[in-house]
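Below: one structure, written as structure tokens.
The values are calculated or read from the model by the stated rules, or taken from the named source; none is laboratory data. Everything numeric here is computed off the predicted structure, so don't read it as measured data. Neighbour counts run over all protein chains shown; Cβ positions are idealised from the backbone, glycine included. The area values use the complete protein model at the heavy-atom level, side chains included, leaving out ligands, DNA and RNA. Shrake-Rupley method; radii C 1.70, N 1.55, O 1.52, S 1.80 Å.
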Amino acid sequence: LRDVVADALARVLRLGAAERARIDWHCPLGELGLDSLMGVELHGRIEEAADFAIPPAALFAEPNLEAVIERLDALLDAND
């Protein structure tokens, strides 16, 4: 799941491999340079890669990427 999110974020923010490897998982999304339109794109990319519906608020209600991962993991467990 972390790789799915990292890949999606890297594509949305146009990060190279070195930048992707240095993603700070405890940084708020806004501080990573993600605006609302990019957030919608990130949501779509994660949803498509994970192949399940993610509530839009699942990304934006969390304080950082680590919390997003935890929430998505809980959603995946609930879908099993």
Degrees, to the nearest 10: 65-79 long Cα axis against longest axis of the chain: 20
Inter-label distance, nm, simple model (7 Å from Cα along the C-beta direction), D7/A78: 2.5
Within the accessible area of the chain (1.4 Å probe), percent carbon and sulfur: 51
Approximate shape of the chain as ellipsoid semi-axes (Cα gyration tensor, √5λ), whole Å, largest first: 19, 13, 12
Approximate spin-label separation D35-A61, in nm, with each point projected 7 Å along Cα-to-Cβ: 2.6
Heavy-atom surface of the chain, accessible at 1.4 Å and reported per residue (Å²): 60
From phi via Karplus (6.51, -1.76, 1.60), per-residue ³J(HN,Hα) for segment 25-30 in Hz, x at Gly/Pro: 6, 9, 8, x, 4, x
